[in-house]
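Below is one structure, written out as structure tokens; comments come after it.
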There are 2 protein chains.
Amino acid sequence: VTATAAPLVALRFDPAANALLALDQRRLPHEERVLELSDAAQVADAIRKLAIRGAPLIGVAAAYGVALQLAREPGSLDATCALLRGARPTAVNLSYAVDRVRAAASRAPSPAEAALHEARAIHHEEEAASDAIASHGAGLLSNARRLMTHCNTGALAAPGRGTALAVIAELFDRGTLESAVATETRPLLQGARLTVYELAKLGIPHELTVDSAAAGLIAGGAVDAVVVGCDRVAANGDVANKVGTYALALAARAAGIPFVVAGPTSTIDSSCPDGRSIKIEEREPEEVLRVGGTVLAPEGTACRNPAFDVTPASYVTALVTERGVAQPVDRESVAALR
Amino acid sequence: VTATAAPLVALRFDPAANALLALDQRRLPHEERVLELSDAAQVADAIRKLAIRGAPLIGVAAAYGVALQLAREPGSLDATCALLRGARPTAVNLSYAVDRVRAAASRAPSPAEAALHEARAIHHEEEAASDAIASHGAGLLSNARRLMTHCNTGALAAPGRGTALAVIAELFDRGTLESAVATETRPLLQGARLTVYELAKLGIPHELTVDSAAAGLIAGGAVDAVVVGCDRVAANGDVANKVGTYALALAARAAGIPFVVAGPTSTIDSSCPDGRSIKIEEREPEEVLRVGGTVLAPEGTACRNPAFDVTPASYVTALVTERGVAQPVDRESVAALR
């Protein structure tokens, strides 16, 4: 893992170096540092430590991780896939992508080449999905002039322009969006660090707020709709997404404004019947206890630190995917997207 | 303003020094530094900068502030009261306490003595109110073994043991409380810094969480009830309290658990018909953009930073005051408490 020059994309495979180049998202917005990842262990580590994050992006990164490892160690397919699948437990894109690469490699005469081919295919499909999501979402939200979003769902979270943030960017490009409100997204501040960085680069007028202010702002009419991404969608339409999403859904429902979820169909886990079956990752207390060098509470304080929460399908106005929009969101409409 | 030894209480009037001694809450939990405040300007500054905070506590501090200034400058009653009333706009306790001291001083032969006498009376009344709130609240929540609270509402927020945190402490003393969940309360982290500090001092088992995790934890059955304080209660029972309160009320309602508000009747503003009439203080963007020495987002990022939000009365299961409990919370039950 070494530093090289800054790219304009979150993730890029470099055939010359046989390495995956990834913008280190832990250092943004202060430093644009690129990681050069050469094997599956480095990719898994970057995913686990959130240098690479965002459900669709970690799927693509893991796919390349399998290819990188097979090029070095041809007999390692099973162990490599297990390693990468386990890097983070909640996002289904990770196992979706790893399983696709595994299937392609296991039946090919040249497994490493087949794995790389499949990883590239997934990468390009996700880029195309981002464009389609942006288009479908912008159609749905054409009357929303002020949008709120949570966490980061742009080019740093998914190939292409992202998911929910791609919808916001598309509405801005179409000239109908006035402004966006980004929630900071404690504990890791992906909203403050990454979404604000992306909105500024895109030239979209924006305001930042602490997470807990969102409900009151929604109640006070500050935004016309809320649009977020998703880390796993159950077969019945329940949505696991970044912790804090559920409170935004409750506030949007109480205020009578749309609450829209955007993500590729690779995020839908049809083997998962409903939100109660989704495993929620609990992360280290250190994430809660510190911000940068500042210790917030006494050392050793016990914490609850779920990385995600579940929003019941009944609170989701529409689920926007590359294959179209499920509205209302229920078992039938979600199944129709697959 | 100079540093002296650490007290065990948030606020104490020192007759020998003719000064108000206040624990500087900006420095907790890392440093127990005491401010010695000698005039109204210093008291107003300490309130404005949140060295002294908590609706009941700033009322008492302002009352002493009037007395301190009158002892130095007997003709300053009008200007002093205007200064202190304006230190923070949302908590009604501030104007309630200042108006009481003003009335007492304006009709007395010795205004400074009368002001000090009235300030002490308010202080002792608030201490007694804290005990009564703890008792009424504990009666109401006798079956709640795990409670969630927001911001800080203990001895650092109100004379005596506080309000919502006094209820938690009383339930722990009665042997029925198992644990408390404290939300960190961005942007100023009163939960992480102050409530965790108080819970640790009280020996109450506790966990800390980011604000946005609260709704998911409530939905998942992590707590049996939510209890919070209040900065202003409108005549119809709508509650202005620390930003983030409303989202907890929404989540408690969705989960079917009690959402209880605790505060002295001095917090009820009968001149304010409903929540829409409550002025919500917007504070500096710097509070959102930085934590300690860490800059979270690009300098100059626009922020929305409301310090409070409004929870409609219909979401409040009960309002606990020193004069008893309003349940359900509506215009009639609130009026009956006055």
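The values are calculated or read from the model by the stated rules, or taken from the named source; none is laboratory data. Every value quoted in this text rests on a predicted model; they were computed, and no experiment measured them. Note: ideal-geometry Cβ built from the backbone for every residue, glycine included; neighbour counts use all protein chains shown. Keep in mind that these areas ignore ligands, DNA and RNA; they rest on the heavy atoms of the full protein, side chains included. Shrake-Rupley method; radii C 1.70, N 1.55, O 1.52, S 1.80 Å.
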- How do the helices (runs of 4 or more DSSP H) wholly within segment A:1-116 filter down when requiring 3 or more residues that are of a type in the set (A, V, I, L, M), surrounded by fewer than 24 Cβ atoms within 10 Å (Cβ to Cβ) and in contact with a strand residue (DSSP E or B) (Cβ under 7 Å, 6 or more places away or on another chain): which remain? none
- Note on the structure: Just one listed residue, out of A:Ala326, A:Ala297, A:Ala302, A:Ala313, is buried (at least 23 other Cβ atoms within 10 Å of the Cβ) and at the interface with another protein chain (Cβ under 9 Å from one of its Cβ atoms), and it is A:Ala297
- Query: So A:Ser142 fits all but one of (1) part of a loop (DSSP other than H, G, I, E, B); (2) in contact with a strand residue (DSSP E or B) (Cβ under 8 Å, 6 or more places away or on another chain); what number is the exception?
  - Reply: (2)
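Would you confirm, using the coordinates I've provided, whether A:Pro273 is touching a residue at least 12 places away in the same chain (Cβ under 8 Å), more than 13 Å from chain B (Cβ to nearest Cβ) and surrounded by fewer than 18 Cβ atoms within 10 Å (Cβ to Cβ)? Even if it seems obvious, please write down each step before you answer.
Details: touching a residue at least 12 places away in the same chain (Cβ under 8 Å): yes; more than 13 Å from chain B (Cβ to nearest Cβ): yes; surrounded by fewer than 18 Cβ atoms within 10 Å (Cβ to Cβ): yes.
Yes, satisfied.
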- Message: Being away from every other protein chain (no Cβ under 14 Å), touching a helix residue (DSSP H, G or I) at 6+ places or on another chain (Cβ under 6 Å) and of a type in the set (Val, Ile, Thr): is that true of A:Thr321 here?
- Response: yes
- Message: For the condition without any contact (Cβ under 8 Å) to a residue 40 or more places away in the chain, open to solvent by 30 Å² or more (accessible area, probe 1.4 Å), within 30 Å of A:Val260 (Cβ to Cβ) and more than 19 Å from the chain's Cα centre (by Cα), what is the one hit in A:Ser142, A:Ser135?
- Response: A:Ser142
- Query: Taking segment B:279-294, which residues are at the interface with chain A (Cβ under 7 Å from one of its Cβ atoms) and surrounded by 17 or more Cβ atoms within 10 Å (Cβ to Cβ)?
  - Reply: B:Val288, B:Val291
- Message: Taking the conditions exactly as written (closer than 30 Å to A:Ala121 by Cβ, of a type outside the set (S, T, N, Q) and under 20 Å from the mean Cα position of the chain (by Cα)), does A:Gly275 satisfy them or not?
- Response: no
- May I ask you to list pairs of residues, at least six apart or on different chains, whose Cβ atoms are under 6 Å apart, with the first in segment A:168-182 being within 16 Å of A:Val320 (Cβ to Cβ) and the second being open to solvent by 10 Å² or more (accessible area, probe 1.4 Å) and modelled with pLDDT under 95? A:Ala169/A:Arg161; A:Ala169/A:Leu202
- Item | Matching residues in segment A:160-192 - criterion: being of a type in the set (D, E, K, R) and either modelled with pLDDT under 95 or within 16 Å of A:Asn241 (Cα to Cα) (or both) | A:Arg161, A:Glu184, A:Arg186
- Of the residues B:Ala215, B:Ala157, B:Ala262, which single one is at pLDDT below 95 and open to solvent by less than 10 Å² (accessible area, probe 1.4 Å)? B:Ala157
- Task: Go over the candidates B:Gly203, B:Gly229, B:Gly244 one by one and state the one that is away from chain A (no Cβ under 13 Å), open to solvent by less than 20 Å² (accessible area, probe 1.4 Å) and in contact with a helix residue (DSSP H, G or I) (Cβ under 9 Å, 6 or more places away or on another chain).
- Result: B:Gly229
- Note on the structure: Only unsatisfied item for B:Gly216, checking (1) under 17 Å from B:Pro29 (Cα atoms); (2) facing chain A (nearest Cβ under 9 Å); (3) free of Cβ contacts under 8 Å to residues at least 60 places away in the same chain, is (1)
